[in-house]
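Before any comments, here is the structure.
The values are calculated or read from the model by the stated rules, or taken from the named source; none is laboratory data. Computed from a predicted model, the values in this text were never measured in an experiment. Note: ideal-geometry Cβ built from the backbone for every residue, glycine included; neighbour counts use all protein chains shown. Protein only, heavy atoms only, side chains kept; ligands, DNA and RNA dropped before computing areas. Shrake-Rupley method; radii C 1.70, N 1.55, O 1.52, S 1.80 Å.
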Amino acid sequence: MPIQGIAIRGQRSLLRQIREALASGGPAQARLDMVVRIIARSMVAEVCSLYLRRPGGEMELFATEGLESKAVHVTRLKQGEGLIGEIMRQGRPLNLADAPSHPAFSYRPETGEDPYHAFLGVPLLRGGRAIGVLVVQNRTERVYTEDEVEDLQIIAMVLAEMVAAGELIKEEELKGVELAPHRPERLKGQKFAEGLALGVAVLHEPPVAPSHLLADDAQAEEQRLNTAIAALQAQIDQMLEGQHGLVEASYEVLDTYRMFAHDRGWNRSLVDAVRNGLTAEAAVERVRSEHRARLGQARDPYLRERLHDLEDLNDRLLRHLAGDGHAARELPDGAILIARNLGPADLLEYDRTKLTGLLLEEGSAASHAAIVARALDIPCVGRLPGLRDRVNEGDTVIVDAETGEAYLRPRPDVRKAITARMEVRAQRRAEFAKLRETPAFTRDGAKITLLMNAGLDVDLELLREAGAEGIGLFRTEFQFMVAEELPRFSAQAALYARVMDAAAGLPVTFRTLDLGGDKVLPYLEAEREDNPALGWRAIRMGLDRPALLRLQLRALIAAARGRPLRIMFPLVATVDEFRQARALVDHEVAWAQRRGRPPPSRLDVGAMIEAPSLIWHLDALLPMTDFVSVGTNDLMQYLFAADRGNPRVADRYDVLSPPALRALEAIQRACAETGTPVSVCGEMAGRPLEAFVLVALGFEQLSMPPAGVGPVKQMVLSCDREAARRGVSALIKGGAGSVRNEIETLARKLYLAV
Ligand code: PEP
Ligand code: MG
């Protein structure tokens, strides 16, 4: 029985033989020839050939045992040509009993290939990208066994890593072979957190080093793998159990996870790879590469989503193998972190003093990583397709979060230009810092209160640094989003107390949990909804499941310990919702008092104006509130019916347009008439030109990301509110779509620093 696979399994040393052959010195070509000879012998194949990819996509025959040696470096197949092209395109093995009868077969006479029928080709994969093809051929018509396919794939993986690491062929001998990207590249993405950075690439998920691909003791390695898989399965089962009793959550997402974790096919592929001599880590990478190559091409969003789940599982498994999933890695100075996406607390585990930028292949501006990056003031660009495969550890990279681009291995002129722009930014920052203690009065004497938006401990340091007069919006859901499990009462109360302590008497407005919509919790997965932005989120969730909201209110009251307390409810759409929410606050205050705990010395309860419905019911709402805050991010999304998280539609309208400005004007007027304090806390409040318009409309409290305080203060100090009011009110009456250009002209005319 021709069980060629046994040849390898019996002598696991094949991979070692290959390594020894390579280490033997001598010219590169001779070593490569030796490698294909060893493989041919072990697989009992008459032919073994190695093709590598040239930059244009051509596939060059680099070494062969069995085909004509004069064809080496001569035979080149065009991109997509022949069976080799087919394997490159599909990223998976091709196993044929009779290759010449395959429609894609391309005959090259110089190779002397005619007598061979059986054909098995596997891609050399790196990071889901094929960089070459390894082929074995036999004269007889036969289909190679599954074991043989597996064996050849493992050899191909090891070869791919060795080639890429320069162990197989010296760099100069590779000439134009594109194994690892080395040219300057510019990738276009989206800016997630403002700023510029130039530094050294650090891969969040580094590839397994070639020296750690082969295991010394396969049995011990299998044990290690099994232990890690068992720990992973237990962890996921536990996460599912943790969901009981919190909310009526759907198990769908975690359940899919569990399904994958327990999937026999996945487990078996891993075990097989280890039995064949790979380390557990290398086995994970091999199986991952194959999945990526297979699913990465899928158009079907469902399949792509599954790839996502698998990637997460692979990362988790690697962390279990490392023994400690949370050990932070040492960073070089000026590190720029490269990741597919980051999990809840990942970014916080790195040394903040060394981390200068972040590039993400996926993610969204509302993703955890982006939120934390903004809080830490780390420039971040996301949605960079192909990023991880285009960048090597240690490459020089630039994060241009002004334009939403990433430069990999930039040319000196690009570096120079970025350095110059960074200097300008630093100068401006220094100017803003000088204004830190200056109160923000307009030239005609109106006091504008500039507050800061926050949501994590890390933001608190920025309060004084930014020169804000308090926190106008504390997004309490962030604590929930960066946690691995639902924060308990004590953790919530401790955070709120820390925030109030840090504010040291400055006002802090706590917004109750604004979950749902784009803010989902991995451990509290809600029903999937067709329209999450219009769905069960924010105060709707809070009122339907009051246990969670009441626990939070209790934590806020406890944290205040007799100090003033400001609470605000998100996405109120009807006055009844506000009435009910307020009743819960009163109930909790009474509860605390009954237990002899001090009530807040002053309690202000407000509503966010984010649902357009409230604009026409302010007469009923305002008398019930102590203050309101306009959440323009959501208000505009609902006003213009354009999903704020969807890049296709988010930019279709301009907030500087009559409908948006008239809505804001109506809110400001109603508040002024009733004497209700009002602030604007959407992102627009942090952009000087938009903030100028808000001041012109009469708003006197603006809450914004910390980086906005300096520039907005500079604008306020140079602004004549009365002149601005006259100019803006004329523009609001117009029939134009956007009045941005006109407002820019007005701002210039008034010598504004915007
Ligand atoms: C808003 O919607 O404008 C707002 C401030 O809240 P968030 O961005 O957290 O939804
Ligand atoms: Mg909102």
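Among Arg726, Arg687, which is the only one that is within 39 Å of the chain's Cα centre (by Cα), basic (Lys, Arg) and in the same structural domain as Val628 (by TED's automatic domain parsing)?
Among Arg726, Arg687, only Arg687 is within 39 Å of the chain's Cα centre (by Cα), basic (Lys, Arg) and in the same structural domain as Val628 (by TED's automatic domain parsing).
Restricting attention to the stretch 632-664, report how many residues are among the aromatic types (Phe, Trp, Tyr) and either within 23 Å of Arg582 (Cβ to Cβ) or within 15 Å of ligand 2 (Cβ to nearest atom) (or both). It would help to see each step written out before you state the result.
Residues of the stretch 632-664 among the aromatic types (Phe, Trp, Tyr): 638, 640, 653.
Imposing the further condition that a residue be either within 23 Å of Arg582 (Cβ to Cβ) or within 15 Å of ligand 2 (Cβ to nearest atom) (or both) reduces the set to 638, 640.
Total meeting the criteria: 2.
Residues that are in contact (Cβ under 8 Å) with a residue 12 or more places away in the chain, within 16 Å of ligand 2 (Cβ to nearest atom) and within 23 Å of Arg537 (Cβ to Cβ): does the stretch 583-595 have at least one?
Checked the stretch 583-595: no residue is in contact (Cβ under 8 Å) with a residue 12 or more places away in the chain, within 16 Å of ligand 2 (Cβ to nearest atom) and within 23 Å of Arg537 (Cβ to Cβ).
Give the number of residues within the stretch 614-631 that are away from ligand 2 (no atom under 15 Å from the Cβ) and touching a residue at least 40 places away in the same chain (Cβ under 8 Å).
12
Let's see how each residue does on (1) of a type outside the set (Gly, Ala, Ser); (2) within 16 Å of ligand 1 (Cβ to nearest atom):
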residue: Leu614; (1), (2): yes, yes
residue: Leu618; (1), (2): yes, no
residue: Ser629; (1), (2): no, yes
residue: Thr632; (1), (2): yes, yes
residue: Arg652; (1), (2): yes, no
residue: Arg662; (1), (2): yes, no
residue: Ala672; (1), (2): no, no
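Consider Arg561 carefully, then state whether it is more than 16 Å from ligand 1 (Cβ to nearest atom) and farther than 30 Å from Leu313 by Cα.
yes
With a cut-off of at least 3 residues that are surrounded by 15 or more Cβ atoms within 10 Å (Cβ to Cβ) and in contact with a Gly (Cβ under 7 Å, 6 or more places away or on another chain), name the helices (runs of 4 or more DSSP H) lying wholly within the stretch 652-754. Before the answer, list the steps.
Working: elements: 658-674, 688-696, 706-717, 721-732, 740-749.
Ranges flagged: 706-717.
Filter the stretch 455-506 down to the residues that are within 16 Å of ligand 1 (Cβ to nearest atom) and farther than 20 Å from Ala538 by Cβ and list them by number.
Asp459, Ala468, Gly470
Could you list, in sequence order, all residues of the stretch 592-616 that are exposed (fewer than 15 other Cβ atoms within 10 Å of the Cβ) and either farther than 16 Å from Leu565 by Cα or not assigned by TED's automatic domain parsing to the domain that holds Thr674 (or both)?
Arg594, Arg595, Gly596, Ser613, Trp616
Does Leu639 meet the test of being under 35 Å from the mean Cα position of the chain (by Cα), within 13 Å of ligand 1 (Cβ to nearest atom), open to solvent by 20 Å² or more (accessible area, probe 1.4 Å) and of a type in the set (A, V, I, L, M, F, W, C)?
Yes; evaluated as a whole, the condition is true for this residue.
Scan the stretch 565-575 and give yes if some residue there is closer than 28 Å to Gln701 by Cα, surrounded by fewer than 18 Cβ atoms within 10 Å (Cβ to Cβ), more than 15 Å from ligand 1 (Cβ to nearest atom) and at pLDDT 95 or above, otherwise no.
Yes, the stretch 565-575 has at least one match.
Which one of Ala559, Ala483 is among the small types (Gly, Ala, Ser) and within 30 Å of Asn646 (Cβ to Cβ)?
Going through Ala559, Ala483 in turn, the sole match is Ala483.
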